[in-house]
Amino acid sequence: MKPATFDYAVPRTVAEAVEALGDTERRAQVIAGGQSLILEMHLERIRPQLVVDINRIPELDGMRVEGDELRVGALVRHAAFESPDAVPGPLGTLLAQAVVNIAHPPIRSRGTMAGSYGWAHPASEWCAIGIALDATVELAGPDGARSVAARDYFLGPFRTARRPQELITAVRLPLLGANTGVSFIEHRRTHFCFAQAAVGTALTVDDGVISDVRIGLVNSADRPVRARAAEDALRGSALGALPVGPRVHDDHPFARVGRIAAERDAAPLPEPFADVAYKRQIIAVLVARTLLEAAKDQRTRLTARQEDHR
């Protein structure tokens, strides 16, 4: 199928883009990478009369560290995060582990993190990481600029707090301290399918005690989920008292935390190849595995720092 006829605008500034999006009668849609929008237009599930191409707006490109945050411009492609060295510290590792699960190289070379936030698919890797890390979405609209915390931004499948006349200009992610270990693991039926479930975890340890833990769940509800009940069950535990071996057995504390996440934090929806019970089982296993891998990563980083100070 071919998309319905539409007009095409190429603004050169954010102000011009916002002005174009103000034409609500033509159901304007923003395009950066177009990896989701174009498919929906071909299937005629979305029929915009105006497509606003933001690729010629220089101020939307690039990412940089500002204070204790990483600011990711709306035109930064997925592929920019494939190297763990692209972003300082453990955050770079977490983003690199997540991005390889996003489709395949041609998609990653065009799609953007901001586009994922705009689309708000429940199976988005970036959105779950944003929820876990307390990301902030920067928006520009007719009334000026505003910022929305990720926890308030996602309202449901493909629904967000962004108003039709607003443009996502950037996503801000908090940097992770050197005492944090990370892990991201995804489960899919086939390589190019959306995740049946995935989990991103950041585990912070101070003086041998888990001082903070952040767990983001992918495709585990109608929107990205932070597993707060599971986090609360683990926070304050002594990491040295937890076995960190090659695998997690059913009686391991991480396995118990995984079951809490699956039963109390997740609200999975059934799919053709994964009913609710199956998805809860996947979530429990992935949470436990990411906690194990994050603990290993934290110990590796600690050992490296100790050797550097000798």
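Each Cα pair under 8 Å and six or more residues apart adds its sequence gap; the mean of these over the residue count of the chain is a relative contact order of 15 percent.
Over all alpha-carbon pairs of segment 141-195, lay out the pair-distance distribution in 5 Å bins, whole %, shortest bin first. Result returned by the calculation: 4, 12, 16, 14, 17, 17, 13, 6, 2. Take the Cβ atoms of residue 192 and residue 305, set R0 to 41 Å, and the FRET efficiency comes out at 0.60. Among the chymotrypsin sites (Phe, Trp or Tyr not before Pro) in segment 219-295, those located in a DSSP loop and surrounded by at most 15 other Cβ atoms within 10 Å of their own Cβ are 273.
Within segment 250-277, whose backbone N sits under 16 Å from a point 7 Å along Cα→Cβ of residue 242? Inside the label zone: 250-262. Considering every alpha-carbon pair of the chain, the percent of pairs per 10 Å bin, from zero through the bin containing the longest distance, is 6, 27, 33, 22, 9, 3, 0. Taking a quarter of the surface of the Cα convex hull of segment 21-102 gives a mean projected area of 6.9 nm².
Dipole of the chain computed with +1 at Lys/Arg Cβ and -1 at Asp/Glu Cβ about the Cα centre; of 15, 224, 185, farthest Cα towards the positive end is 185.
Compute the angle between helix 89-99 and the longest alpha-carbon principal axis of the chain, please, reported from 0 to 90 degrees and rounded to the nearest 10. Helix 89-99 sits at roughly 60 degrees to that axis.
For residue 266, no residue whose modelled amide H falls within less than 5 Å of its own remains once neighbours fewer than 5 places apart on the same chain are excluded. Here the convex hull built on the C-alpha positions of segment 212-310 has a volume of 112 cubic angstrom per residue. Listed values for segment 287-303 are Karplus-derived 3J(HN,Hα) couplings in whole Hz (6.51 cos²θ - 1.76 cosθ + 1.60, θ = phi - 60°), namely 4, 4, 5, 5, 5, 4, 5, 5, 5, 4, 4, 5, 5, 5, 5, 5, 4, and x replaces Gly and Pro.
For segment 155-260, trypsin sites (Lys or Arg not before Pro) meeting the loop criterion (DSSP other than H, G, I, E, B) and having at most 12 other Cβ atoms within 10 Å: 247. For residue 46, what charge total do you get from the other residues with a beta carbon under 10 Å from its beta carbon, if Lys and Arg give +1 and Asp and Glu give -1? That works out to +1. For residue 124, nonlocal amide neighbours, meaning residues 5 or more places apart or on other chains whose placed amide H falls under 5 Å from its own, are 219. Taking 236, 73, 216 in turn, the Gaussian network model of the chain (Cα-Cα springs below 10 Å) assigns the largest fluctuation to 236.
Rule-based calculations on the coordinates, nothing more; no lab input. None of the values given here were measured: they were computed from a predicted structure. Cβ atoms come from the backbone with ideal geometry, glycine included; neighbour counts cover every protein chain shown.
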